[in-house]
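FYI, it's all coordinate maths here, none of it is from the lab. Just so you know, these numbers come straight off a predicted model, no measurement behind them. Positions of Cβ are backbone-derived with ideal geometry, glycine not excepted, and every protein chain shown enters the neighbour counts.
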């Protein structure tokens, strides 16, 4: 599932009407389960589903989906499209998450797949970036988010790479200065250039590490999406260790297919155990599809995370 698909689905939004209480009580996966149902233990890591991942169990109402996630032991939510949702819906989601004890993961603050943005020295582009980050700060305050995703646009074919890198560093420093007072951290996401996202400036974790070290701000860190990094460089655990000081957030999806762990070649049980042993207490975003359709597919996703959370 490509990043564009995630953003388009998020931008389309979810139904904002609250389902009737009686309907919620009768729905499988709601907080009112049968007397024989026992709430499972919370997951050890903060795996964060996204809206729609469990809609066959919980329905289209985002509040009901949050309840289902909490009932299944998930401790966080990630929503790429949160900034595009109506303010009223953002507030409803935040209130319900607070009630359920769910932590907010990333939302997208800036992601351009067709223009040179952070790699540009253009004054108008600097203003656009600043506006995006100021908006992100307001959204983060509203939904209690500590991280926002930044995909720093494409690269230019007619400008030397090092000049573009310097421009990215300058623009990231300006953006970090906006985020720091609010306690918001931009997480830079390298995306694979071969299968999903050709032409983007940022494609590998070592490159993101260099940028974060150059910016030197607590508000500029790495989002290590292990699906993308398996494609571009592999060697996941050693690269996690090398970049550890700058990694603030993980996303996952197995390869090939970009579906739940256990459906591809990555040994996520070992990866999760490794980052847990290193003391990681952040969020692991479930930015992937379901390998199987319907309720059976949704249950398979939950069981896959249970199987990989046994380190």
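Structure above, values below:
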{"read-out": "DSSP beta bridges in the chain [antiparallel fraction, %, rounded to 5]", "value": "5"}
{"read-out": "Degrees between helix 268-277 axis and first principal axis of the chain (Cα, 0 to 90, nearest 10)", "value": "80"}
{"read-out": "Average Cα contact separation per residue, the range 229-311, under 8 Å, 6 or more apart, as relative contact order %", "value": "31"}
{"read-out": "Cα pair count fraction exceeding 20 Å, expressed as % - the range 134-198", "value": "40"}
{"read-out": "The chain - percent relative contact order, Cα under 8 Å, separation 6 or more", "value": "16"}
{"read-out": "Gain upon complete extension [residue 37, residue 195; 0.36 nm per residue less C-alpha separation]", "value": "52.6 nm"}
{"read-out": "Over the chain - Rg/Rh using Cα atoms and the Kirkwood inverse-distance radius", "value": "0.97"}
{"read-out": "Inter-part distance where the range 135-174 and the range 262-310 are each reduced to a Cα centre, Å", "value": "28"}
{"read-out": "Cβ crowding within 10 Å averaged over residues, with 299-311, 179-191 ranked highest first", "value": "179-191, 299-311"}
{"read-out": "Stretch gain in nm, segment residue 244-residue 216, where the contour uses 0.36 nm per residue and the Cα spacing is subtracted", "value": "8.6 nm"}
{"read-out": "Where labels lie 7 Å past Cα in the beta-carbon direction, separation of residue 281 and residue 99 in nm", "value": "2.8"}
{"read-out": "The range 164-311: relative contact order in percent, alpha carbon pairs under 8 Å with at least 6 residues between", "value": "18"}
{"read-out": "Using alpha-carbon coordinates, inclination of helix 161-179 to the longest axis of the chain, degrees", "value": "50"}
{"read-out": "Nearest-ten-degree value, helix 205-215 long axis tilted from longest Cα axis of the chain", "value": "70"}
{"read-out": "Surface/4 estimate of mean projected area, convex hull on alpha-carbon atoms of the range 62-157, nm²", "value": "6.8"}
{"read-out": "Whole-Å distance, taken between Cα centres, linking the range 190-250 and the range 83-122", "value": "20"}
